[in-house]
Structure formats: structure tokens, C-alpha cells
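The values are calculated or read from the model by the stated rules, or taken from the named source; none is laboratory data. Quick caveat: nothing in here was measured; it's all calculated off a predicted structure. All Cβ positions, even for glycine, are placed from backbone atoms using ideal geometry, and neighbour counts span all protein chains on display. Side chains are part of the model used for accessible areas, which takes the heavy atoms of the whole protein and leaves out ligands, DNA and RNA. Shrake-Rupley method; radii C 1.70, N 1.55, O 1.52, S 1.80 Å.
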Amino acid sequence: MLANKTALVTGSTSGIGLGIAKALARQGANILLNGFGDAQGPQAEISALGARVAYHGADMSKPSEIEDMMQFAAAQFGRVDILVNNAGIQHVARVESFPVDKWDAILAINLSSAFHATRLALPAMQAANWGRIINVASVHGLVGSSEKSAYVAAKHGVVGLTKVTALENATSGVTCNAICPGWVLTPLVQKQVDAKAVAMGLSNDEAKRQLLGEKEPSMQFTTPEELGELAVFFCSPAANNVRGVAWNMDGGWVAQ
Ligand code: NAD
């Protein structure tokens, strides 16, 4: 379905981004990976699916590096047809003791990076009259949780950016939508499981059950594979008129 299309997935060396990159690769898209840590393993996984793959290590908190990555994408693949703004970090602390440098980093990586990548990707999508921008927000783009002020503020911002981008392109073939996962067991969440296990003297399994029990009625983690299939749907012709939604996949979290 996505042959001859190119997808840039930010923060795709791990977790949800890698899951989405693999799902798009299975549909025939070329993939540009981004993120920190080992890039060779993820590149090999995408290649094994038969897709063309490249990697750029832009630090998504730095606009100049994002510009460099977009130029690299154009040189490698012609243009970016599908942009998945996924890179993100977390830090947990009450507002009055939230470290200022962590606030700035979360806003830069989780929100401003999506603005920069979007503004740089849009002109080529508009010229082609086809494009898909998928922002990985969170249930925290829809509701709040204690001790996550920067994350919740950034993710609500991502949902707002999604709506405005969708509206500004509503009469064209360029759509923009957000995905709002509940708990997904990636390194980002495993850190929170570990912190709970230490703080409460729990086993890893018990800490996971408690984490789910607080928020997620299904008592199940959403998987990167399931989120990947939602991204594939947003790229399909059936989603041509799906514009500006913030679609939660959260085991009932925000239905409560
Ligand atoms: P993860 O830690 O597994 O992956 C994060 C990715 O972002 C990695 O590839 C990392 O290298 C990359 N990254 C971090 N800082 C970066 C930077 N400055 N520049 C470039 N890349 C950077 O986390 P994940 O759980 O897969 O999270 C992916 C996205 O999904 C995030 O936006 C996160 O907020 C969102 N999300 C996660 C969950 C969850 O439960 N895990 C739930 C809702 C939303």
C-alpha cells in the first residue's frame, strides 16, 4: 500500500517508534530512522522486511539538526511523504520541585520538535498534494496525571498542533492526526515500573499490575505493533478524510 512512499519516524531506535517504522515498512514504505543508541539493530530489522532504510541521528531538541535531517531525507529519498513525530522523554516530579532543565528538554523534544519537523516537511507534501503527519501524543494529551506537568503540557500542545495542522491543510491530500497511547511497556515506562518497585518494595510483575490498575481498566499494555497498525490505517485511503483526531488506544483509560 505504501510502495514508493518514504516515512520519517523520529525516535525510532526503540519502543513505539520502532514498532510504527516496522509496520510502515511491511506496507512497502522506505524508512528513515532517527533516535539515540544502537541504530544498526533497528536498521537490520527494517531491511529484513524488504524496505529501503537509512538513519539520521539528529537530536530532536535542536532545530538545526532537524533541518539537517530533513535535507538528508530529501537527498536520500526525494521527499518525506509520511512524518511520524514520535521522539519523547519523560520526567516525574511535582511542579514545585520540577527541574527547570527537564521542563525545557521535555518541551523541546516532545513538542517543539514536532513543530519543526512539520513545518519543514509540509511544503513538499503540499506540492505533491499527499502527505500524512502522525503525531504520537499520549492519553496525557487528553487528561492529566500528577507529577507529569511538563509531559502533560507538551502532549496537550501536540494535540493542539495536530488540530491546527489538520485544519490548515483540510482541503488538500495532506492529513494530520494524533495517536494517544495509554501504557506501553517500552524503556520509557519500564523506568516508571522500576521506580514503583523500589519505592514500594514490589516485584517487577506486581509493580506492572499496580501501574495498570491505577489507570488502565483493560489491565493490559498497548503494544508497539498495535500502534503501528493504527499508523498504517491513518496512511490508508480509508483515512483520507480523518483529520485532526486524537485517537486514544488506551485500554479504556480516558473512558472513565
Ligand atoms: P522509548 O524510550 O522506548 O523511545 C524513545 C525514542 O526517542 C528513542 O528512540 C530515543 O532514542 C528517542 N529520543 C529521545 N530523546 C531524543 C532526542 N533528543 N532526539 C532524538 N531522539 C530522541 O519510549 P517510547 O515509550 O517508545 O516513547 C515514544 C513516544 O511515545 C514518546 O513521544 C512518548 O511520550 C509516547 N508515549 C509513550 C507511552 C508509553 O507508555 N510508553 C504512552 C504514551 C505515549
Task: With all protein chains modelled, accessible area of TRP247 [1.4 Å, Å²] - done: 100 Å²
Open item on the list: On a 1.4 Å probe surface of the protein chains, which of ARG132, ARG26, ARG243 comes out largest in accessible area, and what is the full order?
Closed with: ARG26, ARG243, ARG132
Open item on the list: With just the Cα atoms defining each centre, how far is region 45-100 from region 207-256? Give it in Å.
Closed with: 21 Å
TODO: Using only Cα atoms, tell me the angle between helix 149-168 and the longest principal axis of the chain; keep it within 0 to 90° and round to the nearest 10.
DONE: 30 degrees
TODO: May I ask you to rank ARG94, ARG119 by accessible area, largest first, using a 1.4 Å probe over the protein chains only?
DONE: ARG94, ARG119
Task: Farthest toward positive dipole pole in region 12-82 [+1 Lys/Arg, -1 Asp/Glu at C-beta], among PRO63, ALA51, ILE82 - done: ALA51
Task: Reach of LYS148 by Cα under 16 Å, taken over lysines that are not fewer than 8 positions away in the same chain - done: LYS102, LYS191, LYS196, LYS215
Task: Per residue value of the accessible surface for the chain (all protein chains in place, 1.4 Å probe), Å² - done: 43 Å²
Task: Carbon/sulfur fraction of accessible area - region 137-222, other protein chains in place, 1.4 Å, % - done: 56 percent
- [ ] Sum up the charges of everything whose Cβ sits under 13 Å from the Cβ of ALA48, counting Lys and Arg as +1 and Asp and Glu as -1, but leave ALA48 out.
- [x] +2
- [ ] Specify the angular offset, from 0 to 90 degrees and rounded to the nearest 10, of the alpha carbon long axis of helix 204-215 from the longest principal axis of the alpha carbons in the chain.
- [x] 80 degrees
